[in-house]
Amino acid sequence: MPVTLLLVPVVFCGVNNLDAPDLIDRDIFTGIIEMVSVKETIEIALRLHPETRQIVFVVDNTPTGESIWNQIKEQSEYFEGIQFTRIGDGISMTQIENEVGNLSDEAIVLFGPYNRDNTGNYVSSRECAFLVSEASVRPVYGYTDLLIHSGIVGGKLFSEFHHGQNTAEVAQHILDGENVCDVQVIEICPSQYMFNYEQLERWNIELPELPEGSIVINKPEPSFYEKYYRLIWPIVVFIFLESLIILRLIVNVSRRKKAEKALRKHQDELEKLVSYRTADLEATNRELEAFAYSVSHDLRAPLRGIDGFSHVLLEEYSENIDDKGKDYLKRIRAGAQKMDRLIDDLLKLSRLSRSEMRYDTVDMSACAIEITEDLRQIDPDRKVEFVISTDISAHGDATLLKIALINLMSNAWKFTDNHEHARIEVGVESIKDDNVYFVRDDGAGFNMKYVEKLFGVFQRLHGITEFSGNGIGLATVQRIIHRHGGQIWAESEVEKGATFYFTLPKQKS
């Protein structure tokens, strides 16, 4: 009888053809669609039996059988090199048993719904599955957990229990007063990998070969050792090792005491040696510091003498010196003055490693704005756009961080000098939960293949005639950032500017 003739709502538990116009009227019909995980079952079967070249489907010609056979045919295009054949349409159960009993070693069987043979007699799917699996010379897979106790190996099986449970929930919605046409037809039913342990043993399939999370039924109760071997072996190993340790302690008590005595003596000597070395190092550092100041004083005196006497010669004896001589004297003065500045810079660089760090929250934006004003006073006619991000703060020594920022912004000012319009930007970016500060310009830039020389003392990537400087500024910046526990690096392209990045810890380490 067509469903449309009934006067009460119909909740179907497993319909195969929702589009059948002579059976289904959505005004009174809803329920669960029987969706079979054919593709997943075939995939796992082929993985467990890689020699397979033929898949034989046992499916009857009932509407349910035809529907599932159509689903199987739709999936066949995903499996190249596999021959798909069907038996069960118009033959008896005995003939089916004979055919699966004569399959080749390259075949496997997929059992579908089989409830009616060619005589029109109906039998249960469980009984058919049992007869087919008993007669088959090759593994038999299925589509529902209802068959898992009937001799099939398993597969991606949909749950008959959840099928019925979902159907009951749909019916409850109708009983609660909802219109049938408003209750959605459920098209997905839970399915899971499930296998029969007895069949796994029969076809030599190891448990580790199964998909993760698979359910295995009929597995025999493990022995005490199988159940607790993960615990037994550590205990055995522990007892064995403890026995060896105890035995060794008993045998070597006197030797151990001697070793402990020798170790204590060695530790005492080592502590004395460390104390002596520390004292020597401190004395050496003091001597080096005194030597540095002495050398700087001793070097400055003759340098200033050279500069002073050269100046006197130029001022008072200029009439007696030709132009070439005056040029030589000017070069002497310039060299002496440069040497004096180098000595100053080296002493400052040396002091950076010895000065005490005072940590505080530093307003980097305010520092950058102050440095900007100082730079503009150096050359008010230059057209430089400064972009300073607001609310840039850092945790560190305010004096040292300002020195680092002065050097970086002065570098940007210097290397944009040849550009009519320049831009200098100071900001901060958040990268992987770290604050990355940067000073960016659009000036001369440099070739990145020389970047390793960038922070070395006296290292210059541009000629002295192009840009002034002595090659100590970036070394100073690097030392300041490293003292704070941060990192500094640069990215650049010739005539497209440079960006100097540095990180600072968010709090004192």
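Read the figures in this text as sums done on the coordinates, not as results from a lab. All figures in this text were calculated on a predicted structure; none of them were measured in a lab. Glycine gets a Cβ as well: all are built from the backbone with ideal geometry, and neighbour counts include every protein chain shown.
For this structure, a couple of remarks:
- Anchor Lys258: aspartates and glutamates whose Cα lies under 18 Å away (excluding residues fewer than 8 positions away in-chain): Asp268, Glu269
- For Lys506, the lysines whose Cα comes closer than 20 Å to its Cα, not counting residues fewer than 8 places off in the same chain, are Lys402, Lys432.
- Taking amide hydrogens as placed 1.01 Å from N in the peptide plane, the amide H of Tyr141 sits under 5 Å from those of Val109, Leu110, Phe111, Val153, each at least 5 positions away in sequence or on another chain.
- For the peptides 427-439, 254-266, the ranking by packing is 427-439, 254-266, with the highest mean count of neighbouring Cβ atoms within 10 Å listed first.
- Taking amide H positions as modeled 1.01 Å from N, with prolines and chain starts lacking one, the residues under 5 Å from Val216 and 5 or more places away or on another chain are Phe195.
- Ordering of 329-336, 356-363 by packing [mean C-beta count within 10 Å, highest first]: 329-336, 356-363
- Each residue of segment 392-400 was assigned a 3J(HN,Hα) from its phi angle through the Karplus expression (A = 6.51, B = -1.76, C = 1.60, θ = phi - 60°), giving 7, 10, 8, 10, x, 7, 4, 5, 5 Hz with x at Gly and Pro.
- Reachable lysines from Lys383, criterion Cα separation under 20 angstrom, eight or more residues apart if same chain: Lys414, Lys496
- Sequence ranges 473-480, 195-202, ranked by mean other-Cβ count within 10 angstrom, highest first: 473-480, 195-202
- Applied to segment 32-40, the Karplus parametrisation 6.51 cos²θ - 1.76 cosθ + 1.60 on θ = phi - 60° returns per-residue 3J(HN,Hα) values of 10, 8, 7, 9, 9, 7, 5, 4, 5 Hz, with x for Gly and Pro.
- Taking amide H atoms as placed 1.01 Å from N in the peptide plane, the amide H of Phe12 lies under 5 Å from those of Thr30, Gly31, Ile32, each 5 or more residues away in sequence or on another chain.
- Per-residue Karplus couplings for segment 234-241, computed as 6.51 cos²θ - 1.76 cosθ + 1.60 with θ equal to phi - 60°, are listed in order as x, 5, 4, 4, 4, 4, 5, 5 Hz, Gly and Pro entered as x.
- Gyration tensor (alpha-carbon) shape descriptor, segment 43-118, a/c threshold 1.5: oblate
- A straight chain from Val274 to Tyr359 at 0.36 nm per residue would run longer than the Cα-Cα distance by 27.6 nm.
- When the Cα gyration tensor is reduced to axis lengths a ≥ b ≥ c, the ratio a/c is 1.5 or higher for segment 397-448, and with a/b not above b/c it is classed as oblate.
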